[in-house]
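Throughout, read-outs are computed from the coordinates displayed, never taken from laboratory work. Here the structure is a predicted model, which means the values were calculated and not measured. Counting neighbours? That spans all protein chains shown, and the Cβs are built from the backbone with ideal geometry, glycine included.
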Amino acid sequence: MAQFIKVATTDELGDQQAKLVQVGSERIALFRVDGAFYALHDACPHRGGPLSKGTVKGAEVVCPWHDASFDIRTGAVLDPPAQQGVKSYPVRVTGADIEIEV
């Protein structure tokens, strides 16, 4: 059964920033865009590049290895070479705590 797990606090991320968080065996890229928080599987489906190390442009993250880009809000692929999107995780903020549902 899925549950929300605290992974960070709101003051750990500035706007247009990303952070790698580990939840069990899952590597998750946590993003802050326009004051909202989003979470994606950290590995680009093209060759496994770390999205948490990618360039954030608005609501888009660009993989640092081969420039595939994804919608931070949904995980949808926006530009190749990736052919599929990445898993998106539900995020909620409780007080100053950021929680991801896994």
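Restricting the search to strands (runs of 3 or more DSSP E) fully inside region 1-53 and requiring at least 2 residues that are among the charged types (D, E, K, R) and under 24 Å from Asp67 (Cα atoms) gives 26-33. Taking the conditions (1) in contact with a strand residue (DSSP E or B) (Cβ under 7 Å, 6 or more places away or on another chain); (2) assigned to a loop (DSSP other than H, G, I, E, B); (3) not polar (S, T, N, Q) in turn, Pro81 satisfies each one other than (1). Among the residues that make up region 11-18, is at least one of them among the polar types (S, T, N, Q), crowded, with 18+ Cβ neighbours inside 10 Å and touching a Lys or Arg at 6+ places or on another chain (Cβ under 9 Å)? No: region 11-18 contains no residue that is among the polar types (S, T, N, Q), crowded, with 18+ Cβ neighbours inside 10 Å and touching a Lys or Arg at 6+ places or on another chain (Cβ under 9 Å).
Of all residues in region 59-76, those that are surrounded by 19 or more Cβ atoms within 10 Å (Cβ to Cβ) and in contact (Cβ under 8 Å) with a residue 40 or more places away in the chain total 2.
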